[in-house]
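The values are calculated or read from the model by the stated rules, or taken from the named source; none is laboratory data. This one's a predicted model, so the numbers in the text were calculated from it and none came from an experiment. Glycine gets a Cβ as well: all are built from the backbone with ideal geometry, and neighbour counts include every protein chain shown.
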Amino acid sequence: MKRRIYLLENFRKTQLIWDKASTKIKDYLRANSSDNHGRKLSVTVTDDGRVVDLTGVSLMLYWESQDKKVNGLDSFTAVHAQTGQFEIYYTPELLSNVGDLNAQLVLIDGSGRVASETFEIRIFKGVDDGAVVGQASFTALTDALLNAQKLEENYAPRLNAVKINKADKSEVNNLTAQLVLTERCHRSVWRIRRK
């Protein structure tokens, strides 16, 4: 599986070290109900502080609501199993439960299963996905889309007209720079649309 690269990699990460089955994990972790592939939990499993190869071992996150009506068991991804490093992005199912959840880490290896002490994940209410975009935001999006379209209309025919094998090097460089600018504009529009 191809690993995605994200900006602010450590900004979105909560790091834990689980070094003994009986170690208290943490009082609580926090997450936002509107996170979408946002916050992640990174866990390093060691043997009393000693790094061990955990290839073939599974790490899971078990969670349940305080009233025990809703629960889930989500798999961590082995980021570097040889050093016991796992990570998980909080799932939409987990995040849909605003309030305090009871959680445990569950390690499954060839000899059995071990669960951590219970800790809490506090899910606080986030941005409403149905929120209406304000007029100023709509205008900014419209302007960005129009600018991107104008750039594309202006430079695409010129680029198509260039014959690479006979083109002047400076003309190719100029058109390449303009295409990079167009692509950046498209990315900005995409980011605005996602907001």
Before we move on, is residue 87 at pLDDT 90 or above and within 21 Å of the chain's Cα centre (by Cα)? yes
So, residue 40, is that one touching a Leu at 6+ places or on another chain (Cβ under 9 Å), under 26 Å from residue 127 (Cβ atoms) and at pLDDT below 90 or not? no
Considering residues of the range 10-30 that are surrounded by 10 or more Cβ atoms within 10 Å (Cβ to Cβ) and out of contact with any Ser or Thr (no Cβ under 9 Å at 6 or more places or on another chain) only, the residue modelled with the highest pLDDT: 28
I'd like to know if the range 105-120 contains one or more residues that are buried (at least 16 other Cβ atoms within 10 Å of the Cβ), of a type in the set (D, E, K, R) and either in contact (Cβ under 8 Å) with a residue 60 or more places away in the chain or under 25 Å from residue 11 (Cα atoms) (or both). yes
